[in-house]
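Undergrad: Pasting a structure below so you can have a look.
The values are calculated or read from the model by the stated rules, or taken from the named source; none is laboratory data. On a predicted model such as this, the values are computed, not experimentally measured, just so you know. Don't worry about glycine lacking a Cβ; one is built from the backbone with ideal geometry, like all the others, and counts go over all protein chains shown. Note: areas computed on protein heavy atoms with side chains; ligands, DNA, RNA excluded. Shrake-Rupley method; radii C 1.70, N 1.55, O 1.52, S 1.80 Å.
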Amino acid sequence: MNRIPYSAAWLSQWREDVMAAVKGMVSTSGDEHGFPPGRNEVRVADEDDRRAAREYARESLGFDELLTFYESIGEVALSGVGNGYFINAARDVLHRVAEEGYVFIPMADDPHGMVIGSDGRGIPFVADWGGVIHRSRTPSPDEAEFDRVAEDLPEFLELIRWSAARFAETGEPG
């Protein structure tokens, strides 16, 4: 299938696909899995989000794919998909960097990164300066070991899209 290049239009389609997958899940998740589905939302960026995205663009570890994301998407909260997937709002990412500094990723090409989200167990996802997405093996990224989960943000978002669709169809986490 020919996909449009990563852009605001790509993100809009990604959002529609993820929301379509979780829409059917919301009404049945409690019955099938024994717990309420929680918040499942890919929130479109509002003016405050776009202002934070412009501030993010000045960040030394910022990269274009994440800037494009934050100009289009405010945040991702998929608590009812598998163990949960969360991508923090730009203002939350910047706040964490200001409070805690950068995350050190020892085996990365560029060993400095920012926590951009987490799974439902609080395991952080960290983006390095080159755009590679890493997952910590522990809830605290300080002195943690990391696994590379995606070569770039679009690949990471595709994994989330696939996980949402799979969980909606089979109940199995991605």
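Undergrad: Mind checking which residues of region 100-119 are of a type outside the set (A, V, I, L, M, F, W, C) and either touching a residue at least 40 places away in the same chain (Cβ under 8 Å) or open to solvent by 20 Å² or more (accessible area, probe 1.4 Å) (or both)?
TA: Across region 100-119, the qualifying residues are E100, G101, Y102, P106, D109, D110, P111, H112, G113, G117, S118.
Undergrad: Among the residues of region 68-77, which ones are more than 17 Å from V126 (Cβ to Cβ), assigned to a helix (DSSP H, G or I) and out of contact with any Ser or Thr (no Cβ under 9 Å at 6 or more places or on another chain)?
TA: Correct list: E71 only.
Undergrad: Return the residue satisfying two criteria in turn: it lies in region 44-54 and is charged (D, E, K, R) and surrounded by 14 or more Cβ atoms within 10 Å (Cβ to Cβ), and of such residues it is nearest to R96 (Cα to Cα).
TA: Ranking the qualifying residues of region 44-54, first place goes to D49.
Undergrad: Cβ-Cβ under 6 Å, sequence separation 6+ or interchain: first residue in region 70-99 and within 17 Å of M114 (Cβ to Cβ), partner polar (S, T, N, Q). Which pairs?
TA: Pairs found: F86/S118.
Undergrad: Which condition number in (1) among the charged types (D, E, K, R); (2) surrounded by fewer than 18 Cβ atoms within 10 Å (Cβ to Cβ); (3) at pLDDT below 95 is the one that D128 fails?
TA: The failed condition is (2).
Undergrad: Residue check, D152 against (1) in contact with a strand residue (DSSP E or B) (Cβ under 8 Å, 6 or more places away or on another chain); (2) touching a residue at least 60 places away in the same chain (Cβ under 8 Å); (3) more than 26 Å from E16 (Cβ to Cβ); (4) surrounded by fewer than 22 Cβ atoms within 10 Å (Cβ to Cβ), all met but one. Which one?
TA: Failing condition for D152: (3).
Undergrad: Another question about this same structure. Quick one: F35 ticks every box in (1) of a type outside the set (V, I, T); (2) in a helix (DSSP H, G or I); (3) modelled with pLDDT under 85 bar one, so which box is it?
TA: It fails just one condition, (2).
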